[in-house]
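**Student:** What follows is a structure written as structure tokens; I'll ask about it next.
The values are calculated or read from the model by the stated rules, or taken from the named source; none is laboratory data. All values derive from a computational prediction rather than experimental measurement. Ideal geometry is used to build each Cβ from the backbone, glycine not excepted, and the neighbour counts take in all protein chains shown.
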Amino acid sequence: MVSFITSNLLEWYTRNARRLPWRNNPSPYKVWISEVMAQQTQINTVIPYFNRWMERFPTIADLSKAPLQDVLVAWEGLGYYQRARNLHQAAQIIMTDFGGELPANIQELRSLPGIGRYTAGAIASIAFGLDEAVLDGNIRRVLSRLFDVTEPINTSAGEKRLWQIAKENLPSRMVGTFNQALMELGALVCTTRAPHCLQCPLTQFCQARLIGVQEQRPVKQTKNKIPHFTVTAAVIEKQGKVLIARRPQNGLLGGMWEFPGGKTQNEETLDSCLKREILEELGIPINIIEPFGVYHHAYTHYRVTLHAFLCTIVDGDKPKPLGVDALHWSKISELSKYPMGKIDRQIANKLLEKFHDHR
């Protein structure tokens, strides 16, 4: 059965594989960057980021020598910024410990920051032709249906079962193409909702389809309700400049720049929250002038609604980086030089529009 699955799948892949920039010349570096970028991100979103990245950092050496801020700016909009920091750190380790080349060894690959079991398997199989299994979201879905996996895939038991299936069904000496074909099948045919079973080259082998439960696979364990937080931020202007703060390097959005503020506590008002947060983070009292928009964003484990306000500093007070990594007065026209999360970039863009309107 494995040989029939392989031949049908690879024949389909030859006819239907999308032309992607990292497939033209699957160098280890291109495979590595594309796989990290594509985690939890649509391929159509990844393509322009990948092309710009390769123009800015064409080699591992270029990436290793680049300032971290430049790397974060290039990554901005993809989210999960720890991945960008890991790429930067791993590039430096590759230059010092591996002669500037990604190692063709699964254990050494996994020793690098940000390269886990999946990414190591993808690099090893696609770039180096090693017989290593991979599991991404698409492959999990395909295998769950093809083998009617009833264990929830977001549990240790489900994860163990899928890795076992993936390893047992590897075709020797063609694993890289096979893994990519499984990913492509999940992206184009065996989709999350309403899979296109009549177009699937494996439909005759699909155990879930045989009993009519393909849309109930994969099984997932119900997650807890995602919490929601109300957040405030101060847009402090002074003579055409605004005050931005750099977040601590460790933690969510580490090293990114933002407009200072924080979460509301208990039943406090937005004004009270913002004044308290600025006093804690910058050690200064502020005057709140007017609202500057309401912004929404969903992170992996929670959602936020952020209320921004135009503010001024009380005369004579100088902000200090008490609860942040650093402070900087930036020209509004130069805010694009500083890496920011999605909401802070929206505020920066609104400021830029306001700045141009008043010139």
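**Student:** Among the residues of region 165-180, how many are among the hydrophobic types (A, V, I, L, M, F, W, C), over 26 Å from the mean Cα position of the chain (by Cα) and more than 9 Å from E132 (Cα to Cα)?
**Tutor:** Result for region 165-180: 2.
**Student:** If you don't mind, there's one more thing I want to ask. Does A233 meet the test of being farther than 30 Å from A308 by Cα and not in a loop (DSSP other than H, G, I, E, B)?
**Tutor:** No, not satisfied.
**Student:** If A84 passes every condition in (1) in contact with a Phe, Trp or Tyr (Cβ under 8 Å, 6 or more places away or on another chain); (2) in a loop (DSSP other than H, G, I, E, B); (3) among the hydrophobic types (A, V, I, L, M, F, W, C) but one, which one does it miss?
**Tutor:** The number of the failed condition is (2).
**Student:** Among L162, L170, which is surrounded by 13 or more Cβ atoms within 10 Å (Cβ to Cβ), free of Cβ contacts under 8 Å to residues at least 60 places away in the same chain and in a loop (DSSP other than H, G, I, E, B)?
**Tutor:** L170
**Student:** Considering only region 59-86, how many residues are over 15 Å from L253 (Cα atoms) and either hydrophobic (A, V, I, L, M, F, W, C) or without any contact (Cβ under 8 Å) to a residue 12 or more places away in the chain (or both)?
**Tutor:** 7
**Student:** Applying the selection to region 272-302, what residues are touching a Phe, Trp or Tyr at 6+ places or on another chain (Cβ under 8 Å) and not β-branched (V, I, T)?
**Tutor:** Selection gives L274, E290, P291, F292, Y302.
**Student:** Which one is farthest from P67 (Cα to Cα), of the residues in region 87-130 that are assigned to a helix (DSSP H, G or I) and of a type in the set (D, E)? Steps first, please.
**Tutor:** Our first condition is that a residue be assigned to a helix (DSSP H, G or I); within region 87-130, this holds for 87-97, 106-110, 117-128.
Going one step further and asking which of them are of a type in the set (D, E), we end up with 97, 108.
Values: D97: 20, E108: 25 Å.
Among those residues, the one meeting the criterion is E108.
**Student:** Within region 288-316, track down each residue that is part of a strand (DSSP E or B) and loosely packed, with under 13 Cβ neighbours inside 10 Å.
**Tutor:** Taking region 288-316 and keeping what is part of a strand (DSSP E or B), we get 288-298, 303-313.
Passing the criteria: E290, P291, V294, H296, A298, R303.
**Student:** Let me ask something else. Can you list residue pairs whose Cβ atoms sit under 7 Å apart, with the first residue in region 114-142 being more than 17 Å from Q164 (Cβ to Cβ) and not assigned by TED's automatic domain parsing to the domain that holds K160 and the second being buried (at least 22 other Cβ atoms within 10 Å of the Cβ) and at pLDDT below 95? Count only pairs 6 or more apart in sequence or on different chains.
**Tutor:** none
**Student:** Could you say whether any residue in region 343-357 is at pLDDT 95 or above, assigned to a strand (DSSP E or B) and either of a type in the set (G, A, S) or in the same structural domain as L270 (by TED's automatic domain parsing) (or both)?
**Tutor:** no
**Student:** Select from region 109-122 the residues that are out of contact with any Lys or Arg (no Cβ under 9 Å at 6 or more places or on another chain) and either buried (at least 16 other Cβ atoms within 10 Å of the Cβ) or among the basic types (K, R) (or both) and write down the one among them that is nearest to V31 (Cα to Cα).
**Tutor:** Here the residue is A122.
**Student:** Looking at (1) surrounded by 13 or more Cβ atoms within 10 Å (Cβ to Cβ); (2) polar (S, T, N, Q); (3) touching a residue at least 24 places away in the same chain (Cβ under 8 Å), can you tell me which one S272 breaks?
**Tutor:** For S272, the exception is condition (3).
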